[in-house]
Every structure is written in structure tokens, then in C-alpha cells.
Amino acid sequence: MKHNARLMAIVYVDSVEEARSFYVEELGFQHLMGMLGKDGMLDYCSFTLGGAAVMFMRPAQAMPGTAAARGKRPVEFYIEVDGVDEYCERLKRRKIPLASPLKDQWWGDRTFTITDPFGYRLWFYETVNEARPPQGAKLI
């Protein structure tokens, strides 16, 4: 039996407002839903870009690793976009620094990466070729 599935990652951050501003205002994600806490600050906010969805939540109590960070986190997001070249140019015009430039990868995707204010690496890609593994590599 085949099942349709979609994934929405939940990421805890100290400032949902900062995450929302970056993803919606800078990257062009669409706001889906958010909820204000008793203090008037966002407790959570979810947004999407095409079929990719993410939710940022403020932890109910102090949690290590939720503050904005310059260093890279151990979780990365791989997001398919139509027209990756145009999307890359759009972000460059918005002065969003690239962590890695637009490049054709051996696995057939054209990719570029950025790092969000919390240290999460975002890969944006579009499949442009068939996979051509490096010599000696074996795909399984």
C-alpha cells in the first residue's frame, strides 16, 4: 500500500519573530499559521515554500541550542525549488550571503546553500541531471 506523506520539521528557537522575519520576509516563504503567547510574542509559527514546510517554536522552558548562532548546526534542510538559479539570484539581490555557491552536484542536483540566523544550513536545489557518482563510488 502506498502512502502519501509530507514532513514539517519543528525547530525550537528563542525568537520565533526572528525566524519568521528571515524565512518570510527575506526568503519568501509563505506564512501558514502562528500563535501569540500570553506575553504577546510568537510561541510558534509555521510557513512553507512550495511543498516544504517548517515550524519554529519557542520552548516553554530554557533549552540549550535555541539561541541565534553563527556556527553550523548538526541538522540541515534540503529544499527543492523550481528555478533554483532565479531563486539564488533573488536571494543575492536581497544581500543574503551564500554559504556555498550555485553548483551542479554529482548526484544530479543544482544546489546552493545559505545559513539561517540560528545556524541551520539550508540547501536549495533543483534536479537538472542524472546522478553521476564519483569514480569508484557505488550507489545502492
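The values are calculated or read from the model by the stated rules, or taken from the named source; none is laboratory data. Not measured: the values here are computed from a predicted model. Cβ placement follows ideal geometry from the backbone for every residue including glycine, while neighbour counts extend to all protein chains displayed.
Got a sec? Which strands (runs of 3 or more DSSP E) wholly within the range 65-139 have at least 2 residues that are in contact (Cβ under 8 Å) with a residue 24 or more places away in the chain and among the β-branched types (V, I, T)?
On the way: elements: 76-80, 100-104, 109-115, 121-127.
Those strands (runs of 3 or more DSSP E) span 109-115.
For the range 51-80, how many residues are over 11 Å from the mean Cα position of the chain (by Cα) and within 17 Å of Y125 (Cα to Cα)?
Qualifying residue count for the region: 1.
When you look at D43, is it among the charged types (D, E, K, R) and either within 12 Å of the chain's Cα centre (by Cα) or modelled with pLDDT of 95 or more (or both), yes or no? Please lay out each step first, then the result.
Numbers: among the charged types (D, E, K, R): yes; either within 12 Å of the chain's Cα centre (by Cα) or modelled with pLDDT of 95 or more (or both): yes.
Considered against the rule, which asks whether it is among the charged types (D, E, K, R) and either within 12 Å of the chain's Cα centre (by Cα) or modelled with pLDDT of 95 or more (or both), D43 comes out as yes.
For the structure I just gave you, tell me whether F56 is under 21 Å from E25 (Cβ atoms), of a type in the set (F, W, Y) and at pLDDT 95 or above.
Yes, satisfied.
Which members of the range 32-58 meet the condition of being closer than 27 Å to D82 by Cα and surrounded by 13 or more Cβ atoms within 10 Å (Cβ to Cβ)?
Within the range 32-58, the first condition is being closer than 27 Å to D82 by Cα, and the residues that meet it are 32-34, 45-56.
Result: L32, G34, C45, S46, F47, T48, L49, A52, A53, V54, M55, F56.
Just a yes or no: is a residue in the range 10-29 hydrophobic (A, V, I, L, M, F, W, C) and touching a Pro at 6+ places or on another chain (Cβ under 8 Å)? Walk me through how you get there before you give the answer.
First, pick out the residues of the range 10-29 that are hydrophobic (A, V, I, L, M, F, W, C): 10-11, 13, 16, 19, 22, 24, 27, 29.
Subsequent filtering for residues that are touching a Pro at 6+ places or on another chain (Cβ under 8 Å) retains 19, 22.
Yes.
Each row is one residue, and each column tells you yes or no for (1) in the same structural domain as I10 (by TED's automatic domain parsing); (2) more than 18 Å from M8 (Cα to Cα); (3) not polar (S, T, N, Q).
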{"residue": "G50", "(1), (2), (3)": "yes, no, yes"}
{"residue": "E80", "(1), (2), (3)": "no, no, yes"}
{"residue": "K103", "(1), (2), (3)": "no, yes, yes"}
{"residue": "G108", "(1), (2), (3)": "no, yes, yes"}
{"residue": "F112", "(1), (2), (3)": "no, yes, yes"}
